[in-house]
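Derivation of every value follows stated rules applied to the coordinates shown; laboratory data play no part. These numbers come from a predicted model, not from an experiment. When we count neighbours, we look across all protein chains shown, and the Cβ atoms used for this are built from the backbone with ideal geometry, even at glycine.
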Amino acid sequence: MDFLLHRYRSLTVLVITILAQLVLLAYQVKTGGDVRLIRVWSVEAVTPLARVLEGIRSSTSDFFSNYVVLSGAQAENRRMKEELGRLKMDNQYLRSELSTAQRAEALAVFQKSAPSKTVAARVIGSSTGANAKVVFVDRGFTSGVLKGMAVLTPDGIVGKVIASYPTAAQVQLITDPSFAAGVVSQTNRVHGTLKGQGRGDCLVDYVQLEQKVDQGEWFFTSGDDRVFPKGLPVGQVSVAKQGTTFREIYLIPSGFQHGLEEVLIVVEGIHQQIPDDVSAVNQPMKLLPPPPADASTEPGLAAPDGGAQPLSTDADRLRQKYRAIGEAQAHKYGEGMTAPNYNQTAPAPVAPGTSPAGTAPGATAGGVKPPNPAASAAAGATKEPVTPPNGSRPAVANPPAASPGTPPASGVTPPTPGVKPPAPTVKTPAPR
Amino acid sequence: MSEYSEAIIPGIGRRKAASRYGPAVFLLVPLLAVLFQVYVPRFVESAANLELPLLVTVYFSLMRRQPIAGTLIGAVIGLAQDSLSHLPMGMFGIVKTLVGYFAASVSQRFDVENPAIRLILGFFFYFFHQFFYWVLSRALLSQQVGFDLGQTLVVGVLNAAVGLPLFVMLDRLRQEDVALA
């Protein structure tokens, strides 16, 4: 045995080394644990050097941009070019100062206005993995950064902390293939799982084929994953198509739009509401006051209960017409499996104080007169009796409980059921 | 007579000596190689294709000419690389251990100071490294990682080309050659 071990010493060392690493790997995969000590050593060995390198790079870059470029000016135009160079230099300096100040101000404003408590950090390196989208930031657990915290920019989420070391932390970007987070669409509130692809865009998975997601729609964090607070912008849909099992939805992450140099780490997350669709809601809208309530003189527009309140919508008129048809055919809505014959013309409704045959001039065949020509053209309800589509039971068979009341005096149209009311005072900031 | 006593290719004889380096070189060069992989791709995205830790592993293994040393060098550099990734530790470690062992074994049969031999070995070990890493990712971690053969070959040539001047630079850090028995 000793002879064999000595004879094949190098092979023995190789086998032992490989076996040891296989055991290490198996332990981590099985238990989900980590060999933290080695990682801490490596990170603590590399990140100080990375910081030094970053300092050298930035100062060297400044040196070259300030002096070396200018020293190449032509001799004959030396004085003018020096003057121009100085001005350019000042301009460049001021621009960079302004840009830095704006970026810092934007970050500070966002940090102040965001309900979640955040810590600002700077990206100082990337990971060594083959397809990994992982970066290092210069804040660690001494700054309160812990594993599992969300990382974002004012433009949107960028990733989550997957390891925290004393002075640095490792952040898995949302484009990493093993990243996943819960998201919800802005308009239709479609829930899905955001997955990285290892490239610039991300996939929103597990969206059913019948759910509606449009191109250009925004996705926000849903808060389901317990990592990202609800309501943070994620990105805008670039491709939305039908897949085999689920819909294939790809979105462009919004968090990387202005580069990835400074980020915010959410140390105390607070869920927010998902903002309404900015394009549809935030536009100012002018509404006219409702027309005057003078329809009580016209029998076709009187309230069905004979009250003084006029009918004001096409739905109300249809409802009255179908009710009249039902009464004429002794049909009671909601009972039995048959529907009344809607093609049969119903007798004109009788307004209080008028005879059944007394139809007002200009009333339609159905006993309904549109309030104005525009509404008539829009509704298409002029001379033709209304036929329900495909002979199915009309939607007004069980009419909504809301009765057409007098519109408010403020001149604002009351919200129509199913239509989201605009937010006139609070302006939702557009996700950038 | 050792198990690697004969030259495979006539005319390209084996080296008779192993190179020695200072401890600072053994410590700093791999560290800088790993640092390069962490830091530079932030600014030059294509630099992520350069596998400097692998080239350093190959170089030290070739020049030390001892399979045990190559195995240990590969394991240490690989684990250092692993510890800076977010994957379980051991993936780069296993692959680079094998690279170190085979590079050191090969060095006993070739003149590893010949630039052509270095170029070929650099390309071969890059391809081996990438392929074996892909196999391990699928087999041990069940990751559905793709393997682009064309890209790997092109990037292998690039790495081998970068390896040539790098090896020459590292040759300058050599302290002395020790004759092998």
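Working from the Cα coordinates of segment B:17-75, the gyration tensor eigenvalues give, after taking √(5λ), semi-axes of 25, 11, 8 Å in decreasing order. Could you check which residue among B:Val76, B:Val99, B:Val168 shows the biggest mean-square fluctuation in a GNM of chain B with a 10 Å Cα cutoff? Comparing B:Val76, B:Val99, B:Val168 in a Gaussian network model of chain B, the most mobile one is B:Val168. Projected label points at B:Ala116 and B:Asn49, each 7 Å from Cα along the beta carbon direction, are separated by 2.6 nanometres. Annotation: peptides A:138-144, A:159-165, ranked by per-residue average of other Cβ atoms within 10 Å with the highest first, follow the order A:159-165, A:138-144. Other protein chain C-beta atoms within 10 Å of residue C-beta, averaged over A:314-323: 0. At a Förster distance of 41 Å, what's the computed FRET efficiency of A:Ser61 paired with A:Arg7, Cβ-Cβ distance as r, to 0.05? For R0 = 41 Å, the calculated efficiency reads 0.10. Within the listed set B:Gly78, B:Gly146, B:Gly90, the Gaussian network model of chain B (springs between alpha-carbon atoms below 10 Å) gives the highest mean-square fluctuation for B:Gly146. Peptide B:58-68 has a mean shielding of 1, counted as Cβ atoms of other protein chains within 10 Å of each residue's Cβ.
With a Förster radius of 60 Å applied to the C-beta separation of A:Gln197 and A:Asn343, the computed FRET efficiency comes to 0.60. With the largest listed first and rounded to whole Å, the semi-axes of the equivalent ellipsoid of segment A:1-65 from the Cα gyration tensor are 43, 20, 8. Per-residue extension of 0.36 nm, minus the Cα-Cα distance of A:Glu44 and A:Lys147, leaves a gain of 35.4 nm for this segment. Only helices enter this figure: runs of n ≥ 4 DSSP H residues, each worth -39500 (n - 2.57), summed and divided by the residues of chain B, yield -21500 deg cm²/dmol at 222 nm to the nearest 500. Distance between the modelled labels on A:Ser113 and A:Ala328, one decimal in nanometres: 6.0 nm (7 Å Cα→Cβ projection). Using only the C-alpha atoms, the convex hull of segment B:17-174 corresponds to 109 Å³ per residue.
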